1. Name the one entry in 277, 321, 267 that is crowded, with 23+ Cβ neighbours inside 10 Å and out of contact with any Phe, Trp or Tyr (no Cβ under 7 Å at 6 or more places or on another chain).
2. Of all residues being among the aliphatic types (A, V, I, L, M) and within 24 Å of the chain's Cα centre (by Cα) in the stretch 358-382, which is nearest to residue 190 (Cα to Cα)? Just the residue, please.
3. What number goes with the only condition from (1) at pLDDT below 95; (2) surrounded by fewer than 24 Cβ atoms within 10 Å (Cβ to Cβ) that residue 196 does not pass?
4. Which of (1) of a type outside the set (A, V, I, L, M); (2) surrounded by 24 or more Cβ atoms within 10 Å (Cβ to Cβ); (3) out of contact with any His (no Cβ under 6 Å at 6 or more places or on another chain); (4) in a loop (DSSP other than H, G, I, E, B) is the odd one out, the single condition residue 331 does not satisfy?
5. Just need a number here: residues in the stretch 294-319 that are out of contact with any Pro (no Cβ under 7 Å at 6 or more places or on another chain) and of a type in the set (D, E, K, R).
6. Restricting attention to the stretch 299-328, which residues are in contact with a helix residue (DSSP H, G or I) (Cβ under 7 Å, 6 or more places away or on another chain) and not in a loop (DSSP other than H, G, I, E, B)?
7. For residues in the stretch 285-340 being in contact with a strand residue (DSSP E or B) (Cβ under 6 Å, 6 or more places away or on another chain) and not hydrophobic (A, V, I, L, M, F, W, C), which is farthest from residue 242 (Cα to Cα)?
8. Looking at 241, 248, which one is part of a helix (DSSP H, G or I), crowded, with 24+ Cβ neighbours inside 10 Å and touching a Pro at 6+ places or on another chain (Cβ under 8 Å)?
Amino acid sequence: MIGPDRASSRFVAHRIAPRRASLPGGDPVGAVPDGIDRPLPSWPFRCTNCGRRAADGPLPYCCPTCGGVFDLEPPIRFQPASAGPLDAGLARYRSMLPLPEEASLITLGEGGTPLVSATVDGRTLHFKCEHLNPTGSFKDRGSAVLLSALAAAGFLEAVEDSSGNAGASFAAYAARAGLRARVFVPENVSPRKRAQIAAYGAEVVEIPGPRSRAAETVREEASRGATYASHAWVPLGLAGIATLAFEIVEQLGQAPGAVVLPVGHGTLLLGIDRGFTAMQEAGAIDRRPRLVAAQAAACAPLWAVHQAGGEALAWVREGPTRAEGIRILQPVRGDAVLAAIEASGGTVVAVDEPAIVEGEAELARLGFYLEPTSAVVWEALTATLPSLPDPVVAVLTGSGLKAEPAVEASRMGSQHA
């Protein structure tokens with residue numbers, strides 16, 4: 001099994017130690033601007049590589065000692081007695097989130113999304129409609145927690161990188177919290193997602209080249225002192241995503257037998273797995289579901305390593321794909337994601353472009369209008385369904401209103417060929 005805590009991770013290509021973030025005027029976060037006493041913020045993080053806890057002060061996106069990936073410490077806990085009304089969304093799990101007691105939850109009404117049933121190949125499947133969150137994607141669960149923590153700590157600005165959905169969610173919740181946001185995006189980002197990010201008042205920084213170049217550039221900004229509120233590196237968002245598992249169990253009335261979902265960096269899969277683990281440890285469920293990860297074949301590093309080991313990364317490319325949201329060449333938490341999949345008895349499915357387009361159409365015929373990134377679950381479902389135990393849940397991650405329709409995208413592609 002691939003362990004999540006290896007110093008020589010096969011997925012983290014860069015290790016850059018962040019510097020101290022600053023408030024306007026040069027005052028480090030935690031100083032005393034204008035005579036107001038602001039205690040140093042504390043972060044519930046521990047490095048998965050060297051085991052060191054995060055120091056109080058500026059938000060660290062990675063371990064400043066070894067460059068390793070942080071995880072939550074203590075881990076996510078499920079406390080059923082403390083949950084609020086089901087219609088309260090993420091807010092009903094406020095007491096389980098890794099936030100200071102006095103922190104206000106920055107919310108737009110995320111969570112509480114419907115679980116809709118449909119018959120496919122004679123089987124009853126359940127579709128968790130995360131595309132109905134406020135900004136049109138599941139990212140809102142993580143953004144609510146992350147921006148709540150930043151606001152409580154007194155941050156005034158932050159940066160993020162994204163292929164679209166995370167950036168839009170970050171920008172929306174930053175606007176809600178009163179933070180200035182800059183979002184670094186690749187030059188081929190969906191025009192609709194770029195417009196959405198800008199509409200919330202964030203500065204959009206377009207970086208030439210692939211998605212990975214935008215990530216490299218924002219880490220360079222972090223090395224110069226910017227607060228890098230990364231949805232991939234900073235583990236706070238995992239707790240928000242874990243609430244998805246809580247809701248699925250409540251809506252089904254039991255633990256699912258399998259969950260099928262798109263995977264890029266893998267924060268969705270990892271957050272859900274942490275949620276089911278917390279419920280099992282609390283005695284709320286007696287088993288965790290099998291996890292089936294769907295990747296675009298054009299950029300499928302997790303599939304490659306799952307199939308052929310770490311050496312397979314040498315032939316993985318960041319190829320063009322309609323599923324831009326999961327076009328991730330170096331998943332930050334790749335080892336942990338694969339460990340979760342393998343521990344569940346699950347698998348990784350690589351989906352080619354024609355199957356992505358077919359998935360968009362098939363899911364639309366069931367009433368779900370989704371972006372291509374979300375539609376990869378269709379092929380993964382149909383390919384693995386005979387072997388999956390009931391009940392089967394597919395997570396629909398992003399709205400089709402964010403993407404170019406397949407016919408229009410094909411026409412645009414031919415014009416640029």
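The values are calculated or read from the model by the stated rules, or taken from the named source; none is laboratory data. In this text, all values refer to a predicted model and were calculated from it rather than measured experimentally. When we count neighbours, we look across all protein chains shown, and the Cβ atoms used for this are built from the backbone with ideal geometry, even at glycine.
1. Details: 277 fails: crowded, with 23+ Cβ neighbours inside 10 Å; 321 fails: crowded, with 23+ Cβ neighbours inside 10 Å.
Within the list 277, 321, 267, the selection yields 267.
2. Of all residues in the stretch 358-382, those among the aliphatic types (A, V, I, L, M) come to 361, 363-364, 366, 370, 375-377, 380-381.
Filter once more, so that each one left must be within 24 Å of the chain's Cα centre (by Cα): 363-364, 370, 375-377, 380-381.
Numbers: 363: 21, 364: 20, 370: 14, 375: 16, 376: 17, 377: 20, 380: 24, 381: 26 Å.
Among those that are among the aliphatic types (A, V, I, L, M) and within 24 Å of the chain's Cα centre (by Cα), it is 370.
3. So the condition that residue 196 fails would be (1).
4. (3)
5. Just the residues of the stretch 294-319 that are out of contact with any Pro (no Cβ under 7 Å at 6 or more places or on another chain), to begin with: 295-297, 299-300, 303-312, 314-315, 317, 319.
Applying the additional criterion that residues be of a type in the set (D, E, K, R) yields 311, 317.
The number of residues fulfilling the criteria is 2.
6. Once the filter is applied, which keeps residues that are in contact with a helix residue (DSSP H, G or I) (Cβ under 7 Å, 6 or more places away or on another chain) and not in a loop (DSSP other than H, G, I, E, B), the stretch 299-328 yields 301, 302, 304, 305, 306, 312, 313, 324, 325, 326.
7. The selected residue is 321.
8. 248
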